[in-house]
Amino acid sequence: MLRALMFLLPLALLIYAFIDCLNTPEDEVKHLPKVVWVLVILLFPLVGSVGWIAAGKERHRIGGGGRGGRWVAPDDNPEFLKSLGDSDEKPGEKPGGRGRQDEELFKEWEDDLRRREDELKRREREDGGEEKGA
């Protein structure tokens, strides 16, 4: 088991460093050009991988001060939250609503419901009068 770990750990480190190097934008690579880093990682797997992870890329501190260039969750981003209110609203509409189309559809549903209720009440009255007379 230990022999397998001694083989798999450097291999996993090599794969991680290689893919990370390839996916890193050129402007975030430090000390050497990106092509040279790829060659160092492939030719000297253990040393190249550790070197890449330690010094080859600009690392952003997690929880550091300021928001410059750092990803922020949507619920923590005031610009995103502001854009939610602005997205579909048009002048004269209620905030968060779709405007006249929704109101017209709602009014049609209410009218249809009232018509059905009236029709049901009328049928109940007619059926009630027939049963008493029979």
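Taken together, the values in this text are just the output of simple stated rules run on the coordinates, not laboratory data. Keep in mind the model is a prediction, meaning the values are calculated, not measured. Note that we place each Cβ from the backbone using ideal geometry, even for glycine, and neighbour counts take in every protein chain shown.
Of all residues in segment 1-30, those being of a type outside the set (Lys, Arg), under 34 Å from the mean Cα position of the chain (by Cα) and not in a helix (DSSP H, G or I) number 3.
Taking every residue in segment 1-25 that is more than 18 Å from Leu39 (Cβ to Cβ) and pairing it with any residue that is surrounded by fewer than 10 Cβ atoms within 10 Å (Cβ to Cβ), at least 6 positions away or on another chain, yields no pair with a Cβ-Cβ distance below 6 Å.
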